[in-house]
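Since every read-out is calculated from the coordinates, none of them should be taken as a lab result. The model shown is predicted, which means the values in this text are computed figures rather than measured ones. Cβ placement follows ideal geometry from the backbone for every residue including glycine, while neighbour counts extend to all protein chains displayed.
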Amino acid sequence: MQNKLLITLFLALPLASRAQVDSVRAKTLPGKQTAELAYNSGVASAQAKSYPAALASFTQALAARPNFAQAYANRGAVRYELKEFEQAVADYTEALKLDPTGSYNSFFGRGQAREALKQSAEAEQDYTAAVQAQPGFAPAWYSRGVLRFEKGNYPAARADFDAALKADPAYAHAYHDRASTARQLGDLAAAEADYTKALAAQPTLLPALLNRAAVRRRASKLTEALADYDDYLRQNATNALAYTNRGTARAENKDYKGAIEDFSKAVALDARYAFAWNNRAAAQLKMQDYAQAEADASQAIALNPGFAEAYLNRGHAREMLRQPDAACQDWLRAAALGLASGTAYAAQSGCGSATDQPDQAAVK
């Protein structure tokens, strides 16, 4: 009997660098004192993360000096921090009109604000303009790479992460996301190497540890994968996904008792985690605890009525509990949901076909 174990892909959410408030103080010149004093006050407030006060000061500077490009750019950065993204775009746009020579940081900041507004095409254009204006500006290469990764354009994303790392060889997030790109392209060796470099650059970057474990598991390096999961869970013992993935690796290593312990910790942390319930059902089948396997698979189905693998596993449990009709119903349901192995088990057991079942509500 074959039991289906699933592993959930963990892709770290990327942390983009922020456009920075210019920390260089303006010189006080005759006739411009009010604007420059207000500007300097805004810089100090922004550096102290007192963003409402910084916003007021930059606005005061602009009232006194309407063509103050850096005040527009810095107000844009502050508005981004305050999640006033449309106003941030407007301020960066005005800064670019007034001073195209200082464009790369304003293009980058406007790109971030547009990305926050889900304007990915416009954000990509701004990141492109930023790297054209300043080819050594690693955060813009990185941010464009993230957008291209999210679009599924992995070769272009990989090239952007390459450029970010050329500009900044210690850029941990660029190593991490280049590794995730290599993973999507099926280059597991490159992915493992880059996750390792990300951890060398930033040992606290825990998603790199979790993702390296997944790559190593996929490459059948179970001992190394389990070591990574152990290391991760020593530092973050509240991640249900990590317990589920370590449990999957333990099951693949035929440590079904350890797998059940991990899946149990996962559902204790997140009782609505259907994957963990189903994976525990599969491990219970291996331990021949068929009643518990049926209960766990049923819980997975209750949480996700379209979970074909859970129907398959519950069918196996019911078969061993001498409930052939109920097993057939589950395998036929798995088949109706598109799982080929459900069709195979139903056929082997003489269950008929999916069309023989009573009408059921459509799974949404």
query = Where the centroid of each part is defined by its Cα atoms, how far is the stretch 39-69 from the stretch 149-209 in Å?
reply = 37 Å
message = Sorting check: for 339-347, 74-82, which peptide has the highest mean count of neighbouring beta carbons within 10 Å, and how do the rest follow?
response = 74-82, 339-347
Dipole of the chain, positive direction: furthest Cα of Y273, L199, G102, with charges on the beta-carbon = G102
key: Sparse-neighbourhood loop sites, trypsin sites (Lys or Arg not before Pro) in the stretch 233-266 - DSSP loop, at most 14 other Cβ within 10 angstrom   = K254
inquiry  = With 10 angstrom as the radius, rank V146, V267 by how many other C-beta atoms surround their C-beta, starting from the fewest.
reply    = V267, V146
task = For the stretch 67-195, just list the percent of Cα-Cα distances falling in each 10 Å bin from zero outward, please.
result = 15, 40, 30, 12, 3, 0
remark   = With +1 at each Lys and Arg Cβ and -1 at each Asp and Glu Cβ, the charge dipole magnitude of the stretch 138-261 around its Cα centre, to the nearest 20 debye, comes out at 200 debye
task = Note the listed values [x] 0.95; [y] 1.14; [z] 1.10, then indicate which one is Rg/Rh (Cα atoms, Kirkwood Rh) calculated from this particular structure.
result = [y]
key: Residue-count net charge about A69 - beta-carbon cut-off 9 Å; Lys, Arg +1, Asp, Glu -1   = -1
Rounded, prolate or oblate (a/c below 1.5 giving rounded, otherwise prolate when a/b exceeds b/c) for the stretch 136-199 by Cα gyration tensor = oblate
ask   = Using the alpha carbon gyration tensor of the stretch 39-134, what are the three equivalent-ellipsoid semi-axes (square root of 5 times each eigenvalue), largest first, in whole Å?
value = 22, 15, 10
request  = With a cut-off of at most 14 other beta carbons within 10 Å, and DSSP calling the residue loop, which trypsin sites (Lys or Arg not before Pro) in the stretch 283-330 qualify? Please list them.
outcome  = R322
request  = Take each of the peptides 123-130, 110-117, 276-283, average the number of other beta-carbon atoms within 10 Å over its residues, and list them starting from the highest.
outcome  = 276-283, 110-117, 123-130
message = Can you give the local net charge around A266? Use residues other than it whose beta-carbon is closer than 13 angstrom to its beta-carbon, Lys and Arg +1, Asp and Glu -1.
response = +1
request  = Taking the Cα centre of the chain as origin, sum charge times position over the Cβ atoms of Lys and Arg (+1) and Asp and Glu (-1), and report the length of that vector in debye to the nearest 20.
outcome  = 520 debye
